[in-house]
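No lab work stands behind these numbers, since they all come straight from the coordinates. Every value quoted in this text rests on a predicted model; they were computed, and no experiment measured them. Note that we place each Cβ from the backbone using ideal geometry, even for glycine, and neighbour counts take in every protein chain shown.
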Amino acid sequence: MPPVLRQARRWTVLRTTVVVFLVASLSSCALFWTEPLVAFTLLERATPQLVWRVDTDERMAALSFDDGPDPTYTPQILDILQEYSARATFFVIGERALRHPELVTRIRASGHEVANHYFTRGSALRHSDAEFESHLERTELAAQIKGLPKLFRPPGGLAWPSQLRVARDRGYTCVLGNAYPHDPAQPPVWYMKWLVAKNLAPGSIVILHDGIADPTGTVEALPSILEAAGDKELRVVEVGELLAAAHSRRTSGCS
């Protein structure tokens, strides 16, 4: 083959590779920020050990908050939830629960659910199974997590399969969600409202944060999110209640 043709072929291959890379990157970015519901169908099939949403006909969706409790923002969120007669699950960080036991008490006294979000912030992937179990147990003790259901959300949404088995062996249900507006990245408030409202349906699980560096956008968006649930005639409940509704449906279906 003449050198000119070889050079032309190399450029063609290079251009094709760049185009494919850009298309794949843009597609991944679009999926990340738009969270189409069909994507969760695929995730559920790939990760049956995780709860992304709940199969129920009940007109309810679950609301959850991660990384708290925070002495400034958790009380603001509790006040808003009370105003809208909504309930939520708070996935707390163990060391923060130790620093602010009065907030854990207030969360429960306000009718909300307390769940396990590990003992420290940061990835669990760097820990051995034994260290992982220790972090779970320390958070249980700090937040006084007792009885069932016991709920766990891996920090950053990531854990090794062996770690998830450890959590299940301790009686935990591992919960993620299907309406997550990426509030730690501080996106515009309009985006957070849009993303959550778009994905709100019976059985949806919303992930927000009360313990990030600056959750002011989350606090601002929360009333609109609760109003969107009301517009869709959805009760906003704890994750545990949503799971119980799914269990009740399965039991009824077997009778």
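Fewest-first ordering of 153, 87 by other beta carbons within 10 Å of each residue's beta carbon gives 87, 153.
Calculated on the Cα set of the range 38-254, radius of gyration then Dmax: 16.2, 47 Å.
Cβ-to-Cβ counts within 10 Å put 89, 218 in ascending order as 218, 89, the fewest first. Counted by neighbouring Cβ atoms within 10 Å, the residues 182, 127 run from fewest to most as 182, 127.
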